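Trainee: First, the structure itself, so that you have it in front of you.
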Amino acid sequence: MNKRIAIGGVLGVVVVLGIFAFYPGDKREAACTLEAKLCPDGSSVGRIPPDCDFAPCPAVSRTEEREMLGFVRTTGQDGSLGIDEIQFLSGDEARRLGAEDTECPEERIEECIPSMNNDFYIRNREDATEQFMLADDAEIIILTSPGSPLLGPVTRAEFLSRFPRPDLMQPFKMTVRGNVVTRLEEQYTP
């Protein structure tokens with residue numbers, strides 16, 4: 001009888017060890033929430049199992065910096081910016097293109113485009129916005145108060161909480177590298 005118990009015990013241990021050897025645990029993947037993170041290049045990434053961390057963002061290409069002018073139409077707390085690119089014109093070019101865009105005779109351009117009384121015309125032929133990301137360490141300079149020509153620095157968080165301001169749409173001069181805005185300066189317009 002002892003021999004049968006010993007053989008039964010050994011067989012039981014072998015069966016249990018066999019189960020653990022061929023079935024080492026729960027192989028099901030964790031279900032992650034369907035969230036997305038906006039990356040500096042404008043793309044987005046989701047969460048990946050098993051820890052549900054966000055996938056890494058693609059490397060931002062080191063393209064040349066460029067300057068541009070535009071209106072900040074939208075902002076997101078993640079630093080996303082919707083920018084509507086514009087042209088800031090003055091002098092004869094502003095008169096000629098303003099007359100062309102509005103079909104107003106050049107001799108009456110100040111009546112059709114009031115800003116021409118101050119010798120400038122903001123040309124915005126398309127109302128399309130392009131998506132950018134505001135760099136964490138971006139230099140941001142804004143007008144200290146609406147209608148004032150004085151400028152002052154603000155933090156990224158302060159900027160994102162204040163803009164856009166639909167009641168006062170001022171243009172911004174921007175330095176952009178790829179799809180990342182590294183410098184923003186609000187422009188005074190009389």
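Trainee: Please report, ordered by residue number, the strands (runs of 3 or more DSSP E) entirely within region 144-190 with at least 3 residues that are among the β-branched types (Val, Ile, Thr) and at positive phi.
Mentor: So the answer is none; nothing clears 3.
Trainee: A further question follows. Quickly run through region 96-108 and pick out the residues that are under 17 Å from Arg125 (Cβ atoms) and touching a helix residue (DSSP H, G or I) at 6+ places or on another chain (Cβ under 6 Å).
Mentor: Gly98, Ala99, Thr102, Cys104
Trainee: Out of Thr182, Thr144, Thr189, report the one residue that is free of Cβ contacts under 8 Å to residues at least 12 places away in the same chain and either out of contact with any helix residue (DSSP H, G or I) (no Cβ under 8 Å at 6 or more places or on another chain) or not hydrophobic (A, V, I, L, M, F, W, C) (or both).
Mentor: None of the others qualify; the one that does is Thr144.
Trainee: Ok, one more. From the residues in region 134-153 that are under 15 Å from Gln77 (Cα atoms) and crowded, with 16+ Cβ neighbours inside 10 Å, which one is farthest from the chain's Cα centre (by Cα)?
Mentor: Once the filter is applied, the top-ranked residue is Ala138.
Trainee: Go over the candidates Gln170, Gln131 one by one and state the one that is of a type in the set (S, T, N, Q), under 18 Å from the mean Cα position of the chain (by Cα) and either over 23 Å from Pro190 (Cβ atoms) or surrounded by 11 or more Cβ atoms within 10 Å (Cβ to Cβ) (or both).
Mentor: It is Gln131.
Trainee: If you don't mind, another one. Condition first: out of contact with any Pro (no Cβ under 6 Å at 6 or more places or on another chain), among the β-branched types (Val, Ile, Thr) and surrounded by 19 or more Cβ atoms within 10 Å (Cβ to Cβ). Now tell me which residues in region 173-190 satisfy that.
Mentor: Result: Val176, Val181.
Just so you know, all these numbers are worked out from the coordinates, no wet-lab data involved. Everything numeric in this text was worked out from a predicted model, so none of it was measured. A quick note on method: Cβ atoms are made from the backbone with ideal geometry, for glycine too, and the neighbour counts reach across all protein chains shown.
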